1. Among the residues of region 356-411 satisfying the criterion of being modelled with pLDDT under 95 and hydroxyl-bearing (S, T, Y), which is nearest to A126 (Cα to Cα)?
2. Identify all residues within region 270-288 that are hydrophobic (A, V, I, L, M, F, W, C) and either over 18 Å from L323 (Cα atoms) or more than 13 Å from ligand 1 (Cβ to nearest atom) (or both); write none if there are none.
3. Out of everything in region 206-229 that is buried (at least 24 other Cβ atoms within 10 Å of the Cβ) and over 13 Å from the mean Cα position of the chain (by Cα), what residue ends up being farthest from ligand 1 (Cβ to nearest atom)?
4. For A422, state whether it is assigned by TED's automatic domain parsing to the domain that holds A174, touching a helix residue (DSSP H, G or I) at 6+ places or on another chain (Cβ under 8 Å) and not polar (S, T, N, Q).
5. Collect the residues in region 22-40 that are charged (D, E, K, R) and either outside the structural domain of G69 (by TED's automatic domain parsing) or in contact with a helix residue (DSSP H, G or I) (Cβ under 7 Å, 6 or more places away or on another chain) (or both), keeping them in residue-number order.
6. Taking the condition of being surrounded by fewer than 18 Cβ atoms within 10 Å (Cβ to Cβ), of a type in the set (K, R) and under 22 Å from M235 (Cβ atoms), how many residues in region 317-345 meet it?
7. In region 35-56, is there at least one residue being within 22 Å of P110 (Cα to Cα), surrounded by 13 or more Cβ atoms within 10 Å (Cβ to Cβ) and of a type outside the set (F, W, Y)?
8. Of all residues in region 374-394, which are aliphatic (A, V, I, L, M) and touching a helix residue (DSSP H, G or I) at 6+ places or on another chain (Cβ under 8 Å)?
Amino acid sequence: MSLPGESDTIAAVATADGRGGIGIVRLSGPAAFAIGESLAGRTLQPRHAHHCLIRDGSGELLDDGIAIGFRGPRSFTGEDVVELQGHGSPVVLQRILRAALGLGARLARPGEFSERAFLNDRLDLAQAEAIADLIDAGTEAAARGALRSLQGDFSRQVHELMEAVTALRVYVEAAMDFPDEEVDFLADGDVQSRLVGLATMLEAIRAQAGQGVLLSVGITLVLAGAPNAGKSSLMNTLARRDTAIVTAIPGTTRDILTERIDLDGLPVQLLDTAGLRSSADPVEQEGIRRARTEIERADCLLLLVDATEDMDLPKDRLEVTRLVGATVPAKVILVRTKSDLLPPDHLSAYSGNLPVVATSVLTGQGLEALKQCIRDQVGFSADPQTTFTARARHLHAMDLAADGIRAALETLASSGAGDLVAEDLRITHAHLGEIVGSMTPDALLGRIFSSFCIGK
Ligand SMILES: Nc1nc2c(ncn2[C@@H]2O[C@H](COP(=O)(O)OP(=O)(O)OP(=O)(O)O)[C@@H](O)[C@H]2O)c(=O)[nH]1
Ligand SMILES: [Mg+2]
């Protein structure tokens, strides 16, 4: 990983692959202005848009565009940055990029612009990750949440907690400077109640971040059941598209079909699968095998049963597992389909302990209830006004931080040794620091930024 101030100049196409109205080649590093000015054929006044003819090192005209320079540290990366806006043709942009490389720039690694912004303290790590989440946002709510993280809503709460941990550690360490009073000092209940306060604060942020992970990552929802149960019909209705073929012939769907849908802010990857039954047809067998693989990977499983023939409904998860012939780690919802075919109130009572919803794609009955049931089952209750996006690695760090606080409470109760309590708090602080990047090992940073795309 390069160090701030010592870096070479990097370049990449910053806009998406493919054709567009405009495309941008971005340069960052000590030679950004020299290279940018050479390409633009003129001096660049910082923060001014200059119309220019973009030429390569040998003077060949590449495009007619705009150049804008930003002097560090007041730039995205904190270094000198130049952006060349040309026409959005992959060929033109590659030629401009090649010309920049010919003038001494190096091709940026994935995420390297964001990495430099982080190393130069323009962003903390959670904010840098929010850039990737914003670009990848699958729903409007996810985009809003990522923007909140980028603005620092999440980081601020983590920093507040870190400060509270440090304050308590200083307090405990101060007590150790007065050995005669240490025991009384730690035993008077103040440290304990502050530790409990920290645990409560952490739990609240953890809960919010958990919603944030659902918001950015979303869930995989698998539709499964016997042939003809109405899986493909429900898929098409939820996706509002005629993705899957629907016929009255059992065994219509064989491949896995997927759609991304926005379930009131929750990004959902919806999978339609082959109807489960024993079949001699090798094509259908393969479809059923794939269906079972997806069932085992799902976050939430909708088990569809035709309401007109639902005599044998599974009572619990164990029976579901037997019925679908696969392990089911997911939350399960029983969906009794085609309820329009039964006279009102003719649906037999259900005596099992699985959540159950009766639906009809013809009348729309039960569809809102089903969506609500899915949100409840996966625990999605994000407030669209306040939720920020987060990642699984943040939750993990918070769990380790919570372990640290728990250990401090136990130490206090058992030995009352101030130095051990202080050490538990130091560990807690370090885990929280991993979220915002103040204590993050290089290897982890490398992994995080390399998952970004080039030009980000
Ligand atoms: N009346 C009524 N018919 C439905 C409903 N949903 C599905 N059907 C009918 O049931 C039949 C099977 O529907 P599909 O959606 O193809 O069922 P599937 O579970 O995907 O079937 P396979 O792909 O064969 O496993 C079709 O004739 C549908 O029109 C419903 O809510 N009401
Ligand atoms: Mg089908």
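The values are calculated or read from the model by the stated rules, or taken from the named source; none is laboratory data. Every value quoted in this text rests on a predicted model; they were computed, and no experiment measured them. Glycine also receives a Cβ, built like all others from the backbone with ideal geometry; neighbour counts cover every protein chain displayed.
1. Result: T389.
2. From region 270-288, those hydrophobic (A, V, I, L, M, F, W, C) are 270-271, 274, 276, 280, 283, 288; that's our starting set.
Those that are hydrophobic (A, V, I, L, M, F, W, C) and either over 18 Å from L323 (Cα atoms) or more than 13 Å from ligand 1 (Cβ to nearest atom) (or both): L270, L271, A280, V283.
3. Here the answer is L221.
4. Values: assigned by TED's automatic domain parsing to the domain that holds A174: yes; touching a helix residue (DSSP H, G or I) at 6+ places or on another chain (Cβ under 8 Å): yes; not polar (S, T, N, Q): yes.
Judged against the criteria, A422 is a match.
5. Kept after step one, since they are charged (D, E, K, R), are these residues of region 22-40: 26, 37.
Across region 22-40, the qualifying residue is only R26.
6. Number of matching residues: 0.
7. Here is the first cut: in region 35-56, the ones within 22 Å of P110 (Cα to Cα) are 35-36.
Filter again for surrounded by 13 or more Cβ atoms within 10 Å (Cβ to Cβ), leaving 35-36.
Subsequent filtering for residues that are of a type outside the set (F, W, Y) retains 35-36.
Within region 35-56, one or more residues are within 22 Å of P110 (Cα to Cα), surrounded by 13 or more Cβ atoms within 10 Å (Cβ to Cβ) and of a type outside the set (F, W, Y).
8. Step one: list which residues in region 374-394 are aliphatic (A, V, I, L, M), which gives 374, 378, 382, 390, 392.
Listed by number, the residues that qualify are V378, A382, A390, A392.
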